[in-house]
Amino acid sequence: QVQLVESGGGLVQAGDSLRLSCAASGRTFSSYAAGWFRQAPGKEREFVAAISYSGGTTYYADSVKGRFTISRDNAKNTVYLQMNSLKPEDTAVYYCAAKGSFRVIIRDYEYNYWGQGTWVTVSS
């Protein structure tokens with residue numbers, strides 16, 4: 001069983017940066033793939049970024065490529081999402097997800113552990 005807790009969301013202006021953190025419980029998090037998803041009001045949840053268990057492989061949605069960076073520190077059981085050059089269209093609830101896997105996972109239905117989400121609001 002893995003529990004995920006996101007933090008780091010908030011209200012920022014366009015062009016600002018934020019770093020989200022996802023802290024995981026459990027001693028085997030280093031064998032879990034992880035990802036970030038987001039859901040804006042009135043829209044479906046969408047993929048943002050994913051990272052392999054080791055951190056050696058990452059994958060990004062086209063909408064965030066070059067602006068967001070996913071990383072992880074397995075010694076701290078934490079996955080991060082560094083978000084730079086934020087835009088109003090990045091406004092959403094951001095969710096962290098995890099699944100025991102040795103490959104990168106980009107589809108939300110493949111993940112079996114989810115955090116409660118953290119709000120990110122970007123004003124213009």
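The values are calculated or read from the model by the stated rules, or taken from the named source; none is laboratory data. Nothing here was measured: the structure is a model prediction, and the numbers come from that model. Here Cβ is always computed from backbone atoms with ideal geometry, including for glycine, and neighbour counts include all displayed protein chains. To get the accessible areas, we keep the full protein, side chains included, count just its heavy atoms, and leave off ligands, DNA and RNA. Shrake-Rupley method; radii C 1.70, N 1.55, O 1.52, S 1.80 Å.
Structure summary
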{"quantity": "Residue list for the range 107-117, filter: outside any strand (DSSP E or B) and in contact (Cβ under 8 Å) with a residue 40 or more places away in the chain", "calculated": "107, 108, 111, 115, 116, 117"}
{"quantity": "Count of residues meeting criterion [in contact with a Cys (Cβ under 6 Å, 6 or more places away or on another chain) and more than 12 Å from residue 48 (Cα to Cα)] in the range 78-102", "calculated": "1"}
{"quantity": "Criterion: within 15 Å of residue 25 (Cβ to Cβ), out of contact with any helix residue (DSSP H, G or I) (no Cβ under 6 Å at 6 or more places or on another chain) and either at pLDDT 95 or above or assigned to a strand (DSSP E or B) (or both) - qualifying residue of 79, 104, 93, 120", "calculated": "79"}
{"quantity": "Single residue of the range 47-75 satisfying the filter (in contact (Cβ under 8 Å) with a residue 40 or more places away in the chain and not aromatic (Phe, Trp, Tyr)) that is surrounded by the fewest Cβ atoms within 10 Å (Cβ to Cβ)", "calculated": "57"}
{"quantity": "The range 99-115, subset open to solvent by 40 Å² or more (accessible area, probe 1.4 Å) and within 12 Å of the chain's Cα centre (by Cα), residue nearest to residue 10 (Cα to Cα)", "calculated": "114"}
{"quantity": "Residue 96, sole failed condition from (1) under 17 Å from residue 21 (Cβ atoms); (2) free of Cβ contacts under 8 Å to residues at least 60 places away in the same chain; (3) crowded, with 19+ Cβ neighbours inside 10 Å", "calculated": "(2)"}
{"quantity": "Single match in 28, 78 (criterion: open to solvent by 40 Å² or more (accessible area, probe 1.4 Å) and more than 25 Å from residue 124 (Cβ to Cβ))", "calculated": "28"}
{"quantity": "Qualifying positions in the range 31-46 - among the charged types (D, E, K, R) and crowded, with 19+ Cβ neighbours inside 10 Å", "calculated": "38"}
